[in-house]
Amino acid sequence: MNKGELLYEGKGKKLFLTDDENVLISEFKDDLTAFNAEKKGNEAGKGALNCKISTQLFNLLEKHGIKTHLIKTLDDTHQLVKKVKIIPIEVVVRNIATGSLSKRLAIADGTVLPFALVEFYYKDDSLGDPIINDEHCLLLNLVKSESDLEELKRLGREINAIMKGFFAERKLKLVDFKVEFGVDHEGAILLSDEISPDSCRFWDADTNEKLDKDRFRQGLGNVKVAYEEVLKRILNH
Ligand code: UDP
């Protein structure tokens with residue numbers, strides 16, 4: 001499949017057209033951003049690590065019946081994916097309070113939540129991705145109907161249940177994560193974008209050491225070492 005014209009460039013990936021109008025090539029970049037792109041960085045090899053980690057997790061989820069945009073991985077940094085129209089809602093699922101949840105509601109950092117909390121954020125950089133509720137989603141026509149919102153919540157919870165158990169077996173706590181969904185040309189809702197240490201928080205089960213993008217955001221160093229550790233645990237279970 002030929003890599004055609006650049007269709008879109010985001011913070012972590014580029015999307016290219018292909019000969020097939022329903023298929024795109026996704027390229028994982030080495031760039032890192034934090035706090036709405038105010039803090040920028042670059043970590044050689046990060047794109048390849050995220051591509052491998054995301055491929056493993058999408059394959060795991062597919063195995064459990066979650067439909068995704070992934071067709072196949074082409075090389076270290078490229079995936080062949082189904083073209084979708086991204087639903088501009090970031091679906092965040094949390095098992096442990098930290099980050100913006102702790103700040104907004106004064107829940108102590110590290111508090112284990114009594115149930116998986118699902119939140120919606122409006123995917124709009126110029127507004128700083130604000131938190132929104134179901135009615136905001138309908139008001140802004142971000143989805144067709146209320147049942148689509150229920151489906152996003154159900155998928156978020158199911159993805160969480162599958163990944164939480166998978167990472168627990170690998171001595172990693174899945175603290176929280178963000179997923180995005182898209183609608184394909186047949187109207188199906190597919191898990192899209194990526195799932196990686198850029199979009200999830202992973203804490204070591206024994207030490208609570210952070211093994212995700214917070215190492216960059218909080219200037220803790222060893223970003224690539226942490227991402228390598230996550231991939232190693234995924235592969236060498
Ligand atoms: N997240 C993301 N992209 C965003 C915002 C959040 O991937 O634009 C992920 C983040 O990595 C974390 C979860 O969503 O796993 C919850 O993030 P939070 O709301 O706590 O915001 P943060 O403290 O990361 O700014």
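Just so you know, all these numbers are worked out from the coordinates, no wet-lab data involved. In this text the structure is predicted, and so the values were computed from the model without any measurement. Heads up, the Cβs are rebuilt from the backbone with ideal geometry, glycines too, and the neighbour counts pull from every protein chain shown.
Taking the empirical scaling 2.2 N^0.38 Å for compact globular proteins as reference, region 61-142 has a Cα radius of gyration ratio of 1.39. Students often get this wrong: which residues of region 125-168 have the backbone nitrogen under 14 Å from the point 7 angstrom along Cα-to-C-beta of residue 63? Output list for this probe position: 162-168. Here region 174-237 yields Rg over Rh of 1.10, to two decimals, using C-alpha coordinates and the Kirkwood radius.
What the pair-distance distribution of region 65-196 shows, using all Cα-Cα distances binned every 10 Å from zero, is 11, 38, 37, 13, 1 percent. Backbone amide hydrogens, once placed in the peptide plane, bring residue 110 within less than 5 Å of 97, 98, excluding anything fewer than 5 places away on its chain. Computed over the chain, the per-residue total of -39500 (n - 2.57) for DSSP H runs of n ≥ 4 gives a 222 nm mean residue ellipticity of -9500 deg cm²/dmol, rounded to 500. Its Cα gyration tensor gives region 124-194 an equivalent ellipsoid. The semi-axes, each the square root of 5 times an eigenvalue, are 25, 16, 12 Å from largest down.
Once a ≥ b ≥ c are taken as the square roots of the eigenvalues of the Cα gyration tensor of region 1-61, is the result rounded (a/c under 1.5), prolate (a/b larger than b/c) or oblate (a/b not larger than b/c)? Oblate, since a/c reaches 1.5 and b/c is not below a/b. Backbone geometry of region 229-236 corresponds, through the Karplus equation with coefficients 6.51, -1.76 and 1.60 at θ = phi - 60°, to 3J(HN,Hα) couplings of 5, 4, 4, 4, 5, 5, 7, 9 Hz, x marking Gly and Pro. Distance distribution P(r), region 105-161, all Cα-Cα pairs, bin width 10 angstrom from 0: 19, 43, 33, 5 percent. Projection of the Cα convex hull of region 1-110, averaged over all directions and equal to a quarter of that hull's surface, yields 8.8 nm². When only alpha carbons are used to place a centre, region 137-171 and region 1-54 end up 23 Å from one another.
Would you mind classifying the chain by shape? Square roots of the alpha carbon gyration tensor eigenvalues, ordered a ≥ b ≥ c; an a/c under 1.5 is rounded, otherwise it is prolate if a/b is larger than b/c and oblate if not. Rounded is the answer for the chain, as its axis ratio a/c remains below 1.5. Where a ≥ b ≥ c are the square roots of the eigenvalues of the C-alpha gyration tensor, would you call region 32-91 rounded, which needs a/c under 1.5, or, failing that, prolate if a/b is larger than b/c, or oblate? It is oblate, given that a/c is not under 1.5 and a/b is not larger than b/c. Separation between the residue 15 and residue 232 pseudo-spin-labels, each 7 Å from Cα along Cα→Cβ, expressed in nm? About 3.5 nm, to one decimal. How high is the relative contact order of region 146-237, in percent, counting Cα pairs under 8 Å that sit 6 or more residues apart? Value for region 146-237: 21 percent.
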